[in-house]
Amino acid sequence: MRISARADYAVRAVLELAVRTGGDPVKAESIAAAQDIPHKFLEGILGDLRRGGIVDSRRGGGGGYRLARAAADITVADVIRTVDGPIVSVRGERPTTLTYTGSAEPLLPLWIALRANVRKILEGVTVADIAASSLPEPVRDLAADPASWVNP
């Protein structure tokens, strides 16, 4: 699985908004500068996040962006799905819609298991968890295991 630049930037932008809650809306330029995201690219991402109900926007001199709901109610999966679509796909399709025959039949449960595990992690981590530097224990354990870092 690859995390696209678009998804990475979206999560970082939402995180930036999460750590700035309670104040005025945050301008896209400020988010772009704080997270080193190309401004024009970020504008498109913020539009997708607004249409997806992750952020709200306000126009004008005092305008900008803020989270549409509490950071604890926004998962990393929500953000990625909003800007990139399904979390794990095979040739652009959800694994559960695929069929294989013959020697390839065992691939289907493999792709489904992969999707389930990726979803389990991304749906189990909220923007608030990241903002508080408090990832759930199972995620911390996986990240702390040097065996999981090995590139085959």
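The values are calculated or read from the model by the stated rules, or taken from the named source; none is laboratory data. Values in this document were obtained by computation on a predicted structure and should not be read as measured data. Neighbour counts run over all protein chains shown; Cβ positions are idealised from the backbone, glycine included. Side chains included, ligands, DNA and RNA excluded: accessible areas come from the protein's heavy atoms. Shrake-Rupley method; radii C 1.70, N 1.55, O 1.52, S 1.80 Å.
Please work out which one of (1) under 19 Å from the mean Cα position of the chain (by Cα); (2) within 26 Å of Asn117 (Cβ to Cβ); (3) surrounded by 13 or more Cβ atoms within 10 Å (Cβ to Cβ) is the condition Gly92 fails and give its number.
(3)
Listed residues Ser134, Ser103; which is in a loop (DSSP other than H, G, I, E, B) and either among the polar types (S, T, N, Q) or under 30 Å from Gly22 (Cβ atoms) (or both)?
That would be Ser134, the only listed residue that is in a loop (DSSP other than H, G, I, E, B) and either among the polar types (S, T, N, Q) or under 30 Å from Gly22 (Cβ atoms) (or both).
Select from segment 54-69 the residues that are over 15 Å from Ala13 (Cα atoms) and open to solvent by 20 Å² or more (accessible area, probe 1.4 Å) and list them in ascending order.
Arg58, Arg59, Gly60, Gly61, Gly62
Which ones in segment 1-41 are over 19 Å from the mean Cα position of the chain (by Cα) and of a type in the set (Gly, Ala, Ser)?
Hits for segment 1-41 are Gly22, Gly23, Ser30, Ala33.
Of everything in segment 114-130 that's surrounded by fewer than 18 Cβ atoms within 10 Å (Cβ to Cβ) and basic (Lys, Arg), which residue is nearest to Glu93 (Cα to Cα)?
Arg119
Can you pull out the residues in segment 10-69 that are assigned to a helix (DSSP H, G or I) and acidic (Asp, Glu)?
Glu16, Glu29, Glu43, Asp48 - these are the residues of segment 10-69 that are assigned to a helix (DSSP H, G or I) and acidic (Asp, Glu).
With the requirement that a residue be open to solvent by 20 Å² or more (accessible area, probe 1.4 Å) and in a helix (DSSP H, G or I), what does segment 72-89 give you?
Passing the criteria: Ala72, Asp73, Asp78, Arg81, Thr82, Asp84.
Which pairs do you get when a residue that is assigned to a helix (DSSP H, G or I), found in segment 112-124, comes within reach of a residue that is of a type in the set (Val, Ile, Thr) and loosely packed, with under 14 Cβ neighbours inside 10 Å, reach meaning Cβ atoms under 7 angstrom, with the pair 6+ apart or on two chains?
Correct list of pairs: Ile112/Thr96.
Within segment 137-152, take every residue that is at pLDDT below 70 and not in a helix (DSSP H, G or I) and give me the one that is most open to solvent (accessible area, probe 1.4 Å).
So the residue we want is Pro152.
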